[in-house]
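The values are calculated or read from the model by the stated rules, or taken from the named source; none is laboratory data. Computed from a prediction, not measured in an experiment: that's the story for all the values here. Every residue, glycine as well, gets a Cβ built from its backbone with ideal geometry; the counts of neighbours run over all protein chains shown. For accessibility, only protein heavy atoms count, side chains too; no ligands or nucleic acids. Shrake-Rupley method; radii C 1.70, N 1.55, O 1.52, S 1.80 Å.
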Amino acid sequence: MRKKKPPILQYVCLALLFALASAYQIRSAMYAFPNYFHLKVAAYPFVPEYVNGRPVLQFVTKSAWQAGLQNNDILLAVNGRPLTGLAVFGEAIRTTKPGETLTVQVLRPGETAPRSASIQLEQATAPPISLPAASLLALKLVVPTFCILLGFWVTAVRPRDPSAWCLFLIMLFFSVFYSSGVESWGPLVRDVAEAYRVAVGNAWPIFMLLFGVYFPEPFPEKDPAWWKWSKRMVITLLTVSCVMNVTVRLGQFENFAPVASLSAALDRLSTVDFLLKFAAIGSFFACISVKMRQAVTPDAKRRLRLLYTGCSIAMAPACILFVTQSIKGGELEQIFPEWFVLSALSLMLLFPITLAYVIVVHRAMDVRVVIRQGLQYALATGGIRVLQIILTAAVLITGVTFARSRNLSPVREMTTIALLILAVLWLRKGADRLRKWTDRRFFRDAYNAEQILEALSDEVRSIVEKRPLLERVATKIAESLHIPRVAVLLEEGGFYRPAFTLGFPATLVADLPDSGATVQRLKREAGPERVYFDDEKSWVNATALPEDERRNLASLQPQLLLPLMAKQNLLGIISLGEKRSEAPYSSTDVRLLKSVASQTALALSNAELTSAIAVEVSRREKLNREIEIAREVQERLFPQHLPEIAGLDYFGRCRTALGVGGDYYDFLALPDGRPGVALGDVSGKGIAAALTMASLQASLRADAMRAGNDIAGLITRVNSMLYEASTEDRYATLFYAQYDPATHRLSYVNAGHCPPIFVRSAANNGSKNGPKNSNVDRLDKAGGTVVGLLPECAYEQAEVCLTPGDLLVIYTDGFSEAMNPHLEEWGENRLISAIAACNGLPAKDSIARIMQAADAFASGAPQSDDMTLVILRAV
């Protein structure tokens, strides 16, 4: 990660702006209070201002009134010079000494002939000590100086913070708001000063709006589109207005004629301009109000509430003044009593005072500690360097003096020199170590805490073991922010207990109950919580904490609690103690720590999931092994050896959809050399179906040996036994047959199974074209319902004669219902076609070919059901 470049450009701009503001304030203070600075300047007999394109006299003093001048007279000339701009009047005031005469020519409204008047200028002095004088001193000297210093201080500490720059420019407005009368400051100086004053005054609403947007944290990037466009439009229009006002004002100073039309346009748009400024300033209060409602922590809400309340009280009376002035027109003193105007404008002092209180006292921007630490660091490192120089000089002087006083031999002189060099190197090494210790002590490490925490957020994602994860996170946070005590608590048995600690005794007991106020608050707020036991308004003191919980929380010595949240679940808590610097956690610290906590919670969740997966994998491996054993057992239940039957070629095969299945086929060796053939399909799949299949096989084999030719009675008894041995939802379809080699007759019962396909040989139906045109029949003439579903069922049996070449195919619905990727079933017709293609093949090869045909149709689609096939071929 690249290291951030020093904010050189920001500091250069800040220095220039500070120099301009300071120069303006010093010059303004000198002319506002000339007797304090021992200046002899003439006082203004009146104040000329352009109104509706004409230079009108305002605030006419007693001496000017006695000379025949009145308010609203139009000023035409000063000392014989036509008034092309206010600078003509200003130059006359600047060059005329107190006691000398100023000659003016005016035109009174309603008259056609101009008047001349001579005014003896008086010495400009500050009023005597009184309450109005104190107010004037505060408004024109104390407040502007305070505002400039506060804005410069905050911006110097946070040069990359947009809200700091907005704050500085807002403070500059209060430094120029109460000043006036720069016309007499001399050429060029008056133009620069007036341009600065007008620009700051007109741009103030813009920076109020931006300050509301960025302080104390910017709004989320996903602002509504209407807000983005409104904000941009208001800022653009106010910027244009500011440029136009500066241009017109400079024209009023030097030469009004070129800007007369622009001045007239501004007068016509004055209402729109006022509404735009009013909207921008109102947006500041709206932004602070929204952020106050959206603030997560009580500390943030308290700061914003203080700012909102103080600024509202400060600006409300002034807002009434200026709105009324905009409606009625004229000067404020002509509309309201002087005491009311002075009180309302003085109340505006609460605005910068409120900002200072919120920023400095309530640590909204953490500038107090940064300045203090910077000063300490500079003094400490400078002192180390001075100490290094002093000690080096002392060692060298002592060594040289010793060598000269003892008249040492050349060898001893070389040895002494070598020792001196080693001592100097040792001092340098010691100074470097001391500087590094100072870096740690005063927190100016070579690495940047922000970079470390951002890198940690990326790093923890790859850690999947719980203990290394907690150790890495706690250690890195402690190193980057120099926190001596860090504890990570995880949930265990309804309590959050320390799982990893730094800087605490080995036996730290701090159990926070899951139902306690602390944990519930962290769950509810889902964000970092500051802990101030010494603040009566802090949530720790405002919340009724039980004594045990308060004691356990206090044992952690926390100043910030970070919840480890994952999908509304509180997985753990990181308790961070006070920094070594005693500095509060800044908004940047909290933002970075919140990101680290979020990633840690995700990694912790993954670690728990990984552990659970490992347990599940172990369980599944054990289960798979058990299923494998079950499959092997089930395979042993299928016929392993096929006894040779005269006149009959037979074979069977089962392919399960899962490890074990519910299909069943069997060949039974009955008395008198008769074979029994069974094929069943148990409902469901898996282990449960396999167990039912084993029960069916046991029941059938146990009773078939003594059933004789009564296979209908045999299936009736099997139904009863299976019903008693299985649950209500377990049943099976079953086809059972017995073959008599002597008579070639096959007796069978179909208990709800798919009717077997009986294909007669071509010789028996007279066809010469082979099996494709053979007579196909289905054995569905006798039987009954499925076995195991009802307690008592009656079944019927039937017979069929097998002649050489006849083929009997017994199958389960896993064949007929096999599907391809397009969800199309194979069906009985395709099965019959596949059987027809097995003309003359042995039973075993026929099964293989039919299965190949089914697999080709499925085209790789997963097998959804067990597939079992038994083929009997008469030979």
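Some points to look at:
- Relative contact order (%) - region 1-106, alpha-carbon pairs under 8 angstrom, separation at least six: 20
- Counted charge near PHE33, where neighbours are those whose Cβ lies closer than 15 Å (Asp, Glu -1; Lys, Arg +1): +3
- Fraction of the pair-distance distribution of region 567-610 above 15 Å, Cα-Cα pairs, percent: 52
- Probe 1.4 Å, accessible area per residue of the chain, Å²: 50
- Kyte-Doolittle mean at least 0.0, axial Cα span of 30 Å or more - DSSP H helices of the chain: 8-32, 189-214, 225-254, 270-294, 298-328, 367-405
- Over region 652-730: Kirkwood hydrodynamic radius from C-alpha pairwise inverse distances, Å: 13.2
- Shape metrics for region 516-621, restricted to C-alpha atoms - Rg then Dmax, Å: 16.5, 58
- In this Cβ point-charge picture (+1 for Lys and Arg, -1 for Asp and Glu), the chain has a dipole of about 5020 debye about its Cα centre.
- Cα-based Rg of region 180-328 normalised by 2.2 N^0.38 Å, two decimals: 1.24
- What the Cα atoms of region 1-122 give is an Rg and a Dmax of 20.8, 78 Å.
- Computed [θ] at 222 nm, helices only, for the chain once each DSSP H run of length n ≥ 4 contributes -39500 (n - 2.57): -17500 deg cm²/dmol
- Lys/Arg +1, Asp/Glu -1 at C-beta; the chain dipole; positive extreme among ALA393, GLN325, ALA669: ALA393
- Computed with a 1.4 Å probe over protein heavy atoms only, the accessible area of GLU632 comes to about 90 Å².
- Extent along principal axes [Cα atoms of region 691-835; Å; largest to smallest]: 52, 48, 21
- D (Stokes-Einstein, µm²/s), Kirkwood Cα radius, region 547-689, 0.890 mPa s at 25 °C: 112
- Just so you know, the Rg over Rh for region 698-748 is 1.04, from Cα atoms, with Rh as the Kirkwood radius.
- Scattering from the chain was approximated by placing one identical point on each alpha carbon and applying the Debye formula without solvent; log10 I(q)/I(0) at 0.06, 0.07 1/Å stands at -0.71, -0.80.
- Between TRP226 and GLU100, the C-beta separation translates, for a Förster distance of 60 Å, into a calculated FRET efficiency of about 0.45.
- Assuming charge only on the beta carbon of Lys and Arg (+1) and of Asp and Glu (-1), the dipole of region 33-132 about its Cα centre is about 80 debye to the nearest 20.
- Mean separation of Cα contacts under 8 Å, 6 or more apart, over the residue count of the chain: relative contact order %: 6
- Across region 63-186, the volume of the C-alpha convex hull divided among the residues equals 168 Å³ per residue.
- All-pairs Cα distance distribution in region 583-636, expressed in whole percent, bin size 10 Å: 21, 22, 18, 15, 11, 8, 4, 1
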